[in-house]
1. At a Förster radius of 45 Å, what calculated FRET efficiency corresponds to the Cβ-Cβ distance of residue 3 and residue 104, to the nearest 0.05?
2. Below 8 Å between Cα atoms, with a sequence gap of 6+, how large is the relative contact order for the chain in percent?
3. Quick one: Debye curve from the C-alpha atoms of the chain, no solvent, what's log10 I(q)/I(0) at q = 0.12, 0.13, 0.14, 0.17 Å⁻¹?
4. With springs only between Cα atoms under 10 Å apart, run a GNM on the chain and tell me which of 83, 15, 93 wobbles the most.
5. So what's the angle, to the nearest 10 degrees on a 0 to 90 scale, between helix 53-75 and the longest Cα principal axis of the chain?
6. Given the C-alpha centroids of the range 34-101 and the range 4-24, what is the distance between them in whole angstrom?
7. Neighbour counts of other C-beta atoms within 10 Å: give me 70, 25 arranged from fewest to most.
8. Please report the antiparallel percentage of DSSP beta bridges with both residues in the range 83-190, rounded to the nearest 5.
């Protein structure tokens, strides 16, 4: 697929200047349509249909930023995990057991998507039109609140970071609305 790599790189922060953009394997263009090759004989699927070339460039930029921000999160995951009050440790009889930190920034169970989404939203903000950027913010906030009955997260548009807006706890799953961590599930406390 033709990638607007030079255009994308001109808009990325310097720390990403030499990072490979490897997120377009299996994609190809058919006019303004971007298609993804079918897997093992399955038909190709429409990944994105652009309105014009500018829309296509922005979509490619979004995809590149999503990929790069995820790589950055993976690189810094160990460091980022120190910010969370609860960390998943092991599973016993189908239930998670947790480690609790005495000192933390986020009063929640570790969710690695937070650092990924923050970096992603910071990368795309200077390039995207405000309404398009806000759609991405809303999508990320919705994803962060997926396992909360009462919204727990919002995105501060000025400081460009997620903030906790409630003391709500996440729940175990769609078929189990037990709040996590449940009583007795913390197996040790660390500094």
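1. Details: r = 40 Å, r/R0 = 0.90.
Between residue 3 and residue 104 the formula returns 0.65.
2. Details: 252 pairs, mean separation 31.3, N = 191.
In percent, rounded to a whole number, it is 16.
3. The calculated log intensity ratios at q = 0.12, 0.13, 0.14, 0.17 Å⁻¹ are -0.74, -0.84, -0.93, -1.15.
4. 93
5. It works out to around 40 degrees.
6. Their Cα centres are 18 Å away from one another.
7. On the way: 70 18, 25 8.
The fewest-first ordering by Cβ neighbours comes to 25, 70.
8. Antiparallel bridges make up about 70 percent of those DSSP assigns within the range 83-190.
None of the figures in this text is laboratory data; all of them are computed from the coordinates on show. What you see is a predicted model, and the numbers here were worked out from it, not measured in a lab. FYI the Cβ positions are ideal-geometry reconstructions off the backbone, even for glycines, and counts take in every protein chain you see.
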